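Visitor: Handing you this structure, nothing more for now.
Rule-based calculations on the coordinates, nothing more; no lab input. Note that the structure is a prediction, hence the values are computed from the model and not measured. As a convention, Cβ positions derive from the backbone with ideal geometry for all residues, glycine included, and neighbour counts pool all protein chains shown.
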Ligand SMILES: Cc1ncc(C[n+]2csc(CCOP(=O)(O)OP(=O)(O)O)c2C)c(N)n1
C-alpha cells in the first residue's frame, strides 16, 4: 500500500481527496503554530506535536460518525481538531485561558470535549486503552451501534494495560477500534530495543482480534484500512486493531535533544511527508490545481490566525474558582 | 566545586557504579536518550547497556524485576521517570518490596533503591504534578528520602544502596537546575536524620524537598520583620526524625509545617500530630500547615501557583503563629 494512488478521478473522489489534504494541512499548521507559541512562552508545560503523522488521524477520523467516541494521548491536538474541537478552543486551552476546551485546566496534554465525544488527552502511556474498552462496553450494554476509537503510540504496547485491554475487548466482543500509531520511537527508545516481537498487529491477533497494518504516511491507505475496520466494528464484528506505520518528524517534546536517531533517517522519512505525497499525486492526476492548493492554504492560514487571536483575547479563570471541578457541581434540588 | 543538583545526582550514580559491580541503573530512557531529566546523561557511553539498562514502558515489570534482582544479589538503582508512573508499579512496591522481609519471617530482604522525580510547579497538569512522597511514607518497610540540597543529591544514594531494605528517593523536578558549591570531597551522608538549614529562636518551619527554597526565602523575609525562624529540613520522611522535630519545637515553641502534598492525610498531618502528642505543653500556638490546595494541579499558571505553597503563604502562616500569644 505504498505510494498514494489518488484512486478514481470522479468528482466525489477528487473532492474527498482534497478534503483529506485540507484536514492534514489544518493539523500541520496548528502544530507549527504551537511550536512557535511555545518558543514565545505563550504555551508552557510539556508540548508534543504530531507533525509527520497527520495522515493517521486524518484517515481514521474521516471514517467516523459524529457520535463515535475518540480516546487519544498527550499528542492529541490534531485528533481533537479533526473531531471538531475548534482550533481557537484548543489554543486557548494551551494559553491556560477559560475559553479553552477545558477552561485552561488541562493544557496541551489534556484536551477534552464532551460535545464531540473526545475523551482526552491522556498523559499516562496506555492509560486510555481501558477507558476505551469501558466506553465500548457501555455502548454494547445499551444496545447502541457507536464505535470507540483509541489512539496510542507503539510504546504503549509494552504496558500491562495494553494487554489487559485487548483481552477484555476481545473476550466481551466490544465495539472498539484500537489504532496504534507506530512512529518507531517511544521518546528515545526504538521499537526494536523495547519489543521482543516487533510485529504489533501480530500481538493483537494473539488476542483473537482482527488486526492489520497500513502505511501511515498515506492518508488514503489509512482511510481504506480504517473504513474496513470501523464498518466491521459497527456491524457487531467485535474489536479491531490497526497498526499505522508512521514517523514523527519533530522531537518527542520540546525538551528532547534527539540524541537517539540519525538525522539521515529523519530526512528519509520526511521525503514521504504525507501532505506533500498526496498533494503531488493529486496535482499529477489533475485533481488539484495551483489555485485549489492556494485556496486550501489560505483557508487554513486564516483559521489558524483566527485561533491565535481567539486565544490571545482569552481570559484567565478567576482564582476563587481554584477548587472547582474536584467534585461534580449539582444544582440544588 | 561548582555543580548542579542534576550533576551531583549523576556523580553519585557514577560513583556507585564504580564502587560496586553489583550496582546497575535501570529505567525508561536512562540510556540512549540520556535520562528524561538528563540525570544519567553520558553514563550509557561510559558503562554500557548492561549496567545502564533501558527498559520498555513497563513500570510494573521493571520495578518488580528490580525487586527480584535485589533478591538475587544485585544492587539495582531503578529510575521511574516521574512519581505518577510509579502508580503503575504500586503493587510491586507495596505488596512486594515493602512486605517480603516481614512475610518471610526475616529471610528475604530487598536491597533496592528507586529514584523518581516528584512535584509540581512546571505547568505539567494534573497527571504530572503529584507530590506522593508523603503517601509512600505511610508504608512500613520503605525508607523515604527527599534530597533538597546538593550535598544530599550527591550523598544519599550510596548510603541508600548500603541499606539492606528498599529505599525510595524523591527528586523534586524544580531542583535539578539548582546550582551551587559542593565540597570536592563531598561523599555519602546519613539517611536517618533531619537537618537544621537555618537556626532560629522564634518559630520552627518544618519542610522537605522541593519546598525548602521557598521556606528559606520565607525565613529571610521574616527576619526582616524581626521574626527569627528556624528551618528544619526533614530529609527523610520515613522513618521521621522525631528527636529533631521535637527538639526544634522545644526551643521555638511554635511550628509551621510546609508540604507540597495535599493537606488531608498528608505527612504534614502526621508531623503535626506527633508534635501535639509529644510536645503539647511546649507549644505557644497551634501547629500551622501550608500545603497544596485540595485540587488536582491545574495547568494554567496562575491557578497552579495559587494551589502551591509559596513563600508568601509561608510567611503569612508564620506571622499568624507568632502573633498568637502563648
Ligand atoms: C506510564 C508512563 N510511563 C512513562 C511515560 C513518559 N513518556 C511520555 S511519552 C513516552 C513515550 C511514548 O511513546 P509512544 O507510546 O510510542 O508514543 P509517541 O510519543 O511516540 O506518540 C514516555 C516514555 C508516560 N507518559 N507514561
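Visitor: Among DSSP beta bridges whose residues both lie in region B:195-323, state the antiparallel percentage, nearest 5.
Guide: 20
Visitor: Could you give the angle, 0 to 90 degrees to the nearest 10, between helix B:5-19's Cα long axis and the longest principal axis of the Cα atoms of chain B?
Guide: 40
Visitor: Let me ask something else about it. Within a 10 angstrom radius of each residue's Cβ in A:290-303, how many Cβ atoms of other chains show up on average? Whole number is fine.
Guide: The mean count of partner-chain Cβ atoms within 10 Å per residue comes to 0.
Visitor: Continuing with the same structure: Could you check how many percent of all C-alpha pairs in chain A are farther apart than 32 Å?
Guide: Here the tail beyond 32 Å accounts for 28 percent of pairs.
Visitor: Hey, any idea what Rg/Rh is for region B:195-323, computing Rh the Kirkwood way over Cα pairs?
Guide: That ratio equals 0.95.
Visitor: Sticking with this structure for a sec: Beta carbons within 10 angstrom, averaged per residue: use that to sort the peptides B:281-287, A:159-165, highest first.
Guide: Answer by packing, highest mean first, reads A:159-165, B:281-287.
Visitor: Return the percentage of antiparallel bridges among DSSP beta bridges fully within the protein assembly as shown, rounded to the nearest 5 %.
Guide: Taking every DSSP beta bridge with both residues in the protein assembly as shown, the antiparallel ones total about 15 percent.
Visitor: Mind pulling the angle between the C-alpha long axis of helix B:311-323 and the longest principal axis of chain B? Nearest 10 degrees, somewhere in 0 to 90.
Guide: 40
Visitor: Considering just Cα atoms, how many Å³ per residue does the convex hull of region B:2-181 enclose?
Guide: 105
Visitor: Which three lengths, in whole Å and largest first, does region A:242-333 cover when its Cα atoms are put on their principal axes?
Guide: Sorted largest first, the three principal extents are 64, 40, 31 Å.
Visitor: A further question follows. Can you give the mean number of other chain Cβ atoms that lie within 10 Å of the Cβ atoms in peptide B:291-302? Provide the component values of the computation, followed by the final result.
Guide: Working: counts 0, 0, 3, 3, 6, 3, 1, 13, 16, 17, 6, 7.
Taking all residues of B:291-302 together, the mean is 6.
Visitor: Relative to the longest principal Cα axis of chain B, at what angle does helix B:59-71 sit, 0 to 90 degrees, rounded to 10?
Guide: Here the helix axis deviates by roughly 80 degrees.
Visitor: Largest first and in whole Å, what are the equivalent-ellipsoid semi-axes of region A:110-201 based on the Cα gyration tensor, each being the root of 5 times an eigenvalue?
Guide: Details: eigenvalues 124, 51, 18 Å².
Working from the Cα gyration tensor, I get semi-axes of 25, 16, 9 Å.
Visitor: For region A:168-257, what does the alpha-carbon gyration tensor say about shape, rounded, prolate or oblate, given a ≥ b ≥ c as the root eigenvalues, a/c under 1.5 as rounded, and a/b over b/c as prolate?
Guide: Numbers: a/c = 2.41, a/b = 1.64, b/c = 1.47.
Cα axes put region A:168-257 in the prolate bin.
Visitor: Related question: Express the Stokes-Einstein translational diffusion coefficient of region A:180-333 in µm² s⁻¹, to the nearest whole number, given a Kirkwood radius over alpha-carbon pairs, 37 °C and a viscosity of 0.692 mPa s.
Guide: On the way: Rh = 20.2 Å.
This corresponds to a translational diffusion coefficient of 163 µm²/s.
Visitor: Taking every pair of alpha-carbon atoms in the protein assembly as shown, give the share separated by more than 48 Å as a whole percent.
Guide: Distances greater than 48 Å cover 20 percent of the Cα pairs.
Visitor: When only C-alpha pairs under 8 Å and at least 6 residues apart count, what is the relative contact order of region A:81-203, in percent? Don't skip to the answer; put the middle values down first.
Guide: Values: 168 pairs, mean separation 20.8, N = 123.
Relative contact order, region A:81-203: 17 percent.
Visitor: Under 1.5 on a/c is rounded, so check that first for region B:33-73, then, if it is not, pick prolate when a/b is larger than b/c and oblate when it is not; a ≥ b ≥ c are the square roots of the alpha carbon gyration tensor eigenvalues.
Guide: Cα axes put region B:33-73 in the oblate bin.
Visitor: Given the C-alpha atoms of chain B, compute the convex hull and give its volume per residue in Å³.
Guide: 130
Visitor: Tell me whether region B:121-167 comes out rounded, prolate or oblate; compute the Cα gyration tensor, take square roots of the eigenvalues as a ≥ b ≥ c, and use a/c under 1.5 as the rounded threshold.
Guide: oblate
Visitor: Hey, what did region A:1-149 get for relative contact order, percent, Cα under 8 Å, at least 6 apart? Write down the numbers at each step before the final one.
Guide: Numbers: 213 pairs, mean separation 31.5, N = 149.
It rounds to 21 percent for region A:1-149.
Visitor: What's the center-to-center distance, using Cα atoms, between region A:275-291 and region B:90-127 in Å?
Guide: After rounding, the separation between the Cα centres reads 56 Å.
Visitor: Another question, then. Evaluate peptide A:89-96: per residue, the Cβ atoms of other protein chains within 10 Å of its Cβ; return the mean as an integer.
Guide: Across the residues of A:89-96, the mean count of other-chain Cβ atoms within 10 Å is 2.
Visitor: When only Cα pairs under 8 Å and 6 or more residues apart are kept, what is the percent relative contact order across chain B?
Guide: 16
Visitor: Expressed as a whole number of Å, what is the distance separating the alpha-carbon centroids of region A:100-141 and region A:148-204?
Guide: 17
Visitor: Still on this structure: May I ask you to order A:82-92, B:104-114 by the average number of other C-beta atoms within 10 Å around their residues, highest value first?
Guide: Descending mean neighbour count gives A:82-92, B:104-114.
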